[in-house]
1. From 106, 117, grab the single residue that is basic (Lys, Arg), outside any loop (DSSP other than H, G, I, E, B) and within 27 Å of residue 60 (Cα to Cα).
2. From the list 171, 164, which one is in the same structural domain as residue 62 (by TED's automatic domain parsing), surrounded by 17 or more Cβ atoms within 10 Å (Cβ to Cβ) and either over 17 Å from the mean Cα position of the chain (by Cα) or not in a loop (DSSP other than H, G, I, E, B) (or both)?
3. For residue 99, state whether it is more than 17 Å from residue 168 (Cα to Cα), in contact with a helix residue (DSSP H, G or I) (Cβ under 8 Å, 6 or more places away or on another chain) and polar (S, T, N, Q).
4. Name the one entry in 107, 78 that is of a type in the set (D, E, K, R) and surrounded by fewer than 15 Cβ atoms within 10 Å (Cβ to Cβ).
5. If I filter the range 119-156 down to residues being of a type outside the set (Gly, Ala, Ser) and touching a residue at least 60 places away in the same chain (Cβ under 8 Å), which single residue comes out as surrounded by the most Cβ atoms within 10 Å (Cβ to Cβ)?
6. Can you tell me which of (1) modelled with pLDDT of 90 or more; (2) exposed (fewer than 10 other Cβ atoms within 10 Å of the Cβ) is the one residue 205 doesn't meet?
7. Looking only at the range 81-97, how many residues end up being without any contact (Cβ under 8 Å) to a residue 40 or more places away in the chain and crowded, with 16+ Cβ neighbours inside 10 Å?
Amino acid sequence: MPAYYTNTARAFLHASSDEVLGALSRASRHEITPEQGRAWAEEINILKAALASVIQKQASAREWGVLLEFPLLRLGRRLDAVVLAGSAVCVLEFKVGATSADAASRRQVEDYAADLRYFHAPTRILPVFSAVCATGMQAAQLRPSISVEEVARAQALAPNQVAEFLLQARESAKSPEQISVHDWNAGAYRPVPTIIQAASMIYVQNSVAEIRTALSSHANLTATVDRRASKMNPDAAM
């Protein structure tokens, strides 16, 4: 399932905020509340201002990719925004009205970035940067750093720092090649569930009777345990 909105930075800036809002609303399967509409409007305006500032300094940023509401199926969540800045994947989570980005918010967006890195095919070979933009926050110092897994620790941003964050991410990426926003959006997403998640998915639509039928019999379980024990302790089987 693709992002609700996908385009180049150039096209995103040329579109009116109402046009982008309309695209988001049409793509959503749920009723859009007034609060959601206002949050989207603020996110769009912040991104537009940031990208306009970036393009003034780096004309090639016109071809950067912009994706809004990109799905992470394993987590059952959507990313507020992804900006493909050259070969850097920049994940942005907006906290509208917040005056700070707490540790929980930063861990959340880091989890999103790691999910992309490990389960989204086009992102597996790309550096991922993440940030929480608290719309009521004052400016903080930016210190982008890449971990061994090429996933940067999350930054806390004020709205007027989004442009700087994107430029730093672009400069930190090793390759100057621009990621295709459409190819990235269409890339395979193959999450691997945990044992508990897999079990839940197997049984979630089954009745109690079906689950009971699927259970191994006592005899089978006993035979399995005995077999395992004999392999671990061959002398016991003699």
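The values are calculated or read from the model by the stated rules, or taken from the named source; none is laboratory data. Predicted model, so just to flag it, every value in this text is computed and none were measured. Cβ coordinates were reconstructed from backbone atoms using ideal geometry, including for glycine residues, and neighbour counts include every protein chain displayed.
1. On the way: 106 fails: within 27 Å of residue 60 (Cα to Cα).
On inspection, the qualifying residue turns out to be 117.
2. Working: 171 fails: surrounded by 17 or more Cβ atoms within 10 Å (Cβ to Cβ).
Residue meeting the stated conditions: 164.
3. Details: more than 17 Å from residue 168 (Cα to Cα): yes; in contact with a helix residue (DSSP H, G or I) (Cβ under 8 Å, 6 or more places away or on another chain): no; polar (S, T, N, Q): yes.
Criteria not met by residue 99.
4. Numbers: 78 fails: surrounded by fewer than 15 Cβ atoms within 10 Å (Cβ to Cβ).
Of the residues listed, the single one that is of a type in the set (D, E, K, R) and surrounded by fewer than 15 Cβ atoms within 10 Å (Cβ to Cβ) is 107.
5. From the range 119-156, those of a type outside the set (Gly, Ala, Ser) are 119-120, 122-129, 132-133, 135, 137-138, 141-144, 146, 148-151, 153, 155; that's our starting set.
So of that shortlist, the ones also touching a residue at least 60 places away in the same chain (Cβ under 8 Å) come out as 119-120, 122-123, 133, 135.
Details: 119: 18, 120: 20, 122: 18, 123: 24, 133: 29, 135: 18.
Among those that are of a type outside the set (Gly, Ala, Ser) and touching a residue at least 60 places away in the same chain (Cβ under 8 Å), it is 133.
6. Here residue 205 clears every test but (1).
7. To start, the set of residues in the range 81-97 that are without any contact (Cβ under 8 Å) to a residue 40 or more places away in the chain comprises 81, 97.
The next check asks that each one be crowded, with 16+ Cβ neighbours inside 10 Å; those that pass are 81.
Going through the range 81-97 one residue at a time, the tally reaches 1.
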